[in-house]
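I have placed the structure first, in the form of structure tokens, so that the comments after it can refer back to it.
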Amino acid sequence: METTGKIVGVNGNMITVAFDGAVAQNEVGYACVGQDGTVQRLMSEIVRIRSRLADMQVFEDTRGLQVGDAVIFNGHLLSAELGPGLLKQIYDGLQNPLPQLAAQCGFFLQRGTYLHALNRTSKWDFTPTAKPGDRLTAGETLGTVPEGIFKHRIMVPFVLRGAFTVKNTAPAGAYTVEQEVAVLTDSEGKDHSVTMMQRWPVKLPVTCFAERLMPADTMTTRIRPVDTFFPVALGGTYCIPGPFGAGKTVLQQITSRYADVDIVVLAACGERAGEVVETLREFPELADPRTGKTLMDRTVIICNTSSMPVAAREASVYTAVTIASYYRQMGLNVLLLADSTSRWAQALRELSGRLEEIPGEEAFPAYLESLIANFYERAGLVRLKDGTTGSVTIGGTVSPAGGNFDEPVTQATLKVVGAFHGLSRARSDARRVPAIDPLERWSKYKSIIEKERVEALRKVLRHGNGVAQMMKVVGEEGTSIQDFLTYLKGELLDAVYLQQNAFNDVDAATPADRQREMFGVAEKAMLADYPFTDKGAARKFLQSVTQAFIDWNQTASDAPEYLARRDAIVKTIEESTRHA
Ligand code: ADP
Ligand code: MG
């Protein structure tokens, strides 16, 4: 029987409901608001239960909702629909497909309108792989369906507990996501009908794999300061805190394009109203560097426009990570990028305030840290039950007010992630982009280049930075030629390797092999013992090497002059150390 309730309090997007029957934390209910003779059903989620009272966040504008209005509970936790057809979609935080919603309601989204996340009429070519009599558990494969360039696995629903015997599978053919493709018998002899679509509660991690593994392999992004200096591992976590306008979104966009992963899930909670729209407009036009087709073919976008209530923002990161985990279960590498997690944290703050909880630092909930930790813990490299591996890598931006990293969201995130790509205001103001601070940032993961070699260059860079600081006081005249050379070497590394122009087609993306080759040349320039005695000559020389290097950076790897440009740089360095 359906559990129902009556609203006893309304406080913004929070309602308190007296219910009869049984309800559960995170269960979904619909608040019924009568308007113009029609009733709108507003989706809500239970966020706290106190004896017979449930506090619920409403994912819609609560205008018109009153004490005494009815709430109908549906018996399900807030869940995502999982199955073929997720790729290429643009969803809101509750997994409503936005283009379809706009087509149906126009651009002023009507509240109380919810659409199926997965199309109910399109058919997918199912090929069974399990056979009658097979013993299977949750997450194991029953058959496959081609979805774009991927073999989408149709799996034993993740919510099924225990072992099942395959009674039958549907013959190969085209089916909708609601048609039965297999029947499984449980240990008590009860049959379960399985379709290509399943639901999973978004706030719970998907755990039907064999074991968690330590992330080891580098997830190359073709961004030099990342792959070489502050790498991210497949299945790892990282964060990009940075002040407004420092380049967080550009960095994530370039990563979503070039990261060596199968699938990208973008959770966009825009800083500016127009920003999300820009992403939506640009993305379908971008080409996937690997297939040449549109990038959307391997992307899912979860987006919150500024007109949506904050509660949908709170849900969106969980919807995104659930979809990412689903594709991980197919043995794929998935990258989840959240921009910006500060907007998510603000939704949590608002929610907590409405619940009248005792606030923590800066009025964020006292349990903010554990929510952030739980979110990033949903990343990981796993060995699946069939022995293959899959991964979810999570990268989140943080946009602290004033760019001050000493605030709760940045600090809580830094405690749990494996790499820190903080952007510095000073660098972005000087147009040294990406503005990842090369001296202050860190990563616990393996670089594409040996650690000692990277550290050796960082040491020169650090020393050079120290010289630069000192020169501000004592001037060039008070600086020794050796120190001055170190300073120039640091500037060279910054200009030719750490800075990378996202808008230059060649420079924007440096594959790992090319990074290794570039690093080797940069190493020669950085570790050479130049016999200059005159600062002007030293500056002129290193600036010319820098310029030659930048020209080489902008030369396509398959261009005829590519090798000649590299050799010319190496030769210039070698000659200058021999005589001069
Ligand atoms: P944020 O998301 O941190 O507020 P954006 O990512 O929107 O900042 O970046 C602001 C601007 O800085 C961009 O529009 C772009 O002009 C410039 N920019 C940032 N990073 C780069 C980059 N790697 N290459 C070129 N330009 C960049
Ligand atoms: Mg941004």
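Residue-wise test of (1) surrounded by 17 or more Cβ atoms within 10 Å (Cβ to Cβ); (2) more than 17 Å from ILE223 (Cβ to Cβ); (3) without any contact (Cβ under 8 Å) to a residue 60 or more places away in the chain.
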position	(1), (2), (3)
ALA246	yes, no, no
VAL276	yes, yes, yes
GLY292	no, yes, yes
MET296	yes, yes, no
VAL300	yes, yes, no
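In the range 145-158, what count of residues is obtained for those that are free of Cβ contacts under 8 Å to residues at least 60 places away in the same chain and loosely packed, with under 14 Cβ neighbours inside 10 Å?
1
Can you say whether THR165 is within 35 Å of the chain's Cα centre (by Cα), part of a strand (DSSP E or B) and at pLDDT 95 or above, as far as the supplied structure shows?
For THR165, the condition - within 35 Å of the chain's Cα centre (by Cα), part of a strand (DSSP E or B) and at pLDDT 95 or above - is not met.
Determine, yes or no, whether SER370 is without any contact (Cβ under 8 Å) to a residue 24 or more places away in the chain and either buried (at least 21 other Cβ atoms within 10 Å of the Cβ) or polar (S, T, N, Q) (or both).
yes
From the set of residues in the range 525-546 that are part of a helix (DSSP H, G or I), surrounded by fewer than 16 Cβ atoms within 10 Å (Cβ to Cβ) and not polar (S, T, N, Q), which is nearest to ligand 2 (Cβ to nearest atom)?
Looking at residues that are part of a helix (DSSP H, G or I), surrounded by fewer than 16 Cβ atoms within 10 Å (Cβ to Cβ) and not polar (S, T, N, Q), I get LEU527.
Would a scan of the range 235-243 turn up a residue that is surrounded by fewer than 24 Cβ atoms within 10 Å (Cβ to Cβ), more than 26 Å from MET518 (Cα to Cα) and within 15 Å of ligand 2 (Cβ to nearest atom)?
Among the residues of the range 235-243, at least one is surrounded by fewer than 24 Cβ atoms within 10 Å (Cβ to Cβ), more than 26 Å from MET518 (Cα to Cα) and within 15 Å of ligand 2 (Cβ to nearest atom), which makes the answer yes.
Would you please name the residue that is modelled with the lowest pLDDT, looking only at residues in the range 256-270 that are surrounded by 24 or more Cβ atoms within 10 Å (Cβ to Cβ) and within 16 Å of ligand 2 (Cβ to nearest atom)?
CYS269
If you go through the range 53-108 one residue at a time, how many are farther than 27 Å from TYR327 by Cα, of a type in the set (A, V, I, L, M, F, W, C) and in a loop (DSSP other than H, G, I, E, B)?
4
Scan the range 218-251 for residues that are more than 10 Å from ligand 1 (Cβ to nearest atom) and either touching an Asp or Glu at 6+ places or on another chain (Cβ under 9 Å) or small (Gly, Ala, Ser) (or both) and jot them down.
Result: THR218, MET219, THR220, THR221, ARG222, ALA233, LEU234, GLY235, GLY236, THR237.
Name the single residue that is farthest from THR121 (Cα to Cα) among those in the range 59-85 being modelled with pLDDT of 95 or more and β-branched (Val, Ile, Thr).
The extreme case among them is VAL67.
If you go through the range 468-524 one residue at a time, how many are assigned to a loop (DSSP other than H, G, I, E, B) and within 16 Å of ligand 1 (Cβ to nearest atom)?
Total satisfying the criteria: 12.
How many residues does the range 330-346 hold that are surrounded by fewer than 24 Cβ atoms within 10 Å (Cβ to Cβ) and more than 16 Å from ligand 2 (Cβ to nearest atom)?
Of the residues in the range 330-346, 4 are surrounded by fewer than 24 Cβ atoms within 10 Å (Cβ to Cβ) and more than 16 Å from ligand 2 (Cβ to nearest atom).
For the list (1) within 16 Å of ligand 2 (Cβ to nearest atom); (2) modelled with pLDDT under 95, I need the number of the one condition that LEU351 fails.
(1)
Do you know which residues across the range 221-233 are buried (at least 22 other Cβ atoms within 10 Å of the Cβ) and either within 19 Å of PRO289 (Cα to Cα) or basic (Lys, Arg) (or both)?
Correct list: THR221, ILE223, ARG224, VAL226, ASP227.
Considering every residue within the range 556-567, establish whether at least one is within 25 Å of PRO231 (Cβ to Cβ), part of a loop (DSSP other than H, G, I, E, B), in contact with a helix residue (DSSP H, G or I) (Cβ under 9 Å, 6 or more places away or on another chain) and modelled with pLDDT under 95.
No, the range 556-567 has no match at all.
Restricting to the range 111-128, count the residues that are over 26 Å from the mean Cα position of the chain (by Cα) and free of Cβ contacts under 8 Å to residues at least 40 places away in the same chain.
The total comes to 1.
Can you say whether LEU98 is modelled with pLDDT under 90 and either within 27 Å of VAL71 (Cα to Cα) or out of contact with any helix residue (DSSP H, G or I) (no Cβ under 8 Å at 6 or more places or on another chain) (or both), as far as the supplied structure shows?
yes
Does SER399 count as among the hydroxyl-bearing types (Ser, Thr, Tyr) and within 20 Å of SER256 (Cα to Cα)?
Against the criterion (among the hydroxyl-bearing types (Ser, Thr, Tyr) and within 20 Å of SER256 (Cα to Cα)), SER399 qualifies.
Here's the yes/no breakdown for (1) buried (at least 17 other Cβ atoms within 10 Å of the Cβ); (2) within 22 Å of LYS131 (Cβ to Cβ):
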site	(1), (2)
ALA174	no, yes
VAL183	yes, yes
LYS190	no, yes
ARG199	yes, no
VAL202	yes, no
ALA210	no, yes
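Taking the options ARG462, ARG453, ARG427, name whichever one is assigned to a helix (DSSP H, G or I), of a type outside the set (Gly, Ala, Ser) and within 16 Å of ligand 1 (Cβ to nearest atom).
None of the others qualify; the one that does is ARG427.
Would you check which residues across the range 59-81 are of a type in the set (S, T, N, Q) and in contact with an Asp or Glu (Cβ under 9 Å, 6 or more places away or on another chain) and list them?
ASN74
Which residues, taken from the range 352-403, are assigned to a helix (DSSP H, G or I) and within 16 Å of ligand 1 (Cβ to nearest atom)?
Matches in the range 352-403: ALA401, GLY402, GLY403.
Have a look at VAL310, VAL265 and point out the one that is within 11 Å of the chain's Cα centre (by Cα), more than 30 Å from ALA456 (Cβ to Cβ) and in contact (Cβ under 8 Å) with a residue 60 or more places away in the chain.
Step by step, each of VAL310, VAL265 is checked, and only VAL265 is within 11 Å of the chain's Cα centre (by Cα), more than 30 Å from ALA456 (Cβ to Cβ) and in contact (Cβ under 8 Å) with a residue 60 or more places away in the chain.
Could you run through the range 418-444 and say how many residues are farther than 29 Å from ALA216 by Cβ and hydrophobic (A, V, I, L, M, F, W, C)?
Final tally of qualifying residues: 3.
The values are calculated or read from the model by the stated rules, or taken from the named source; none is laboratory data. Remember, predicted model here, so these are calculated numbers, not experimental data. With ideal geometry, Cβ positions are generated from the backbone for all residues, glycine too; neighbour counts draw on all protein chains shown.
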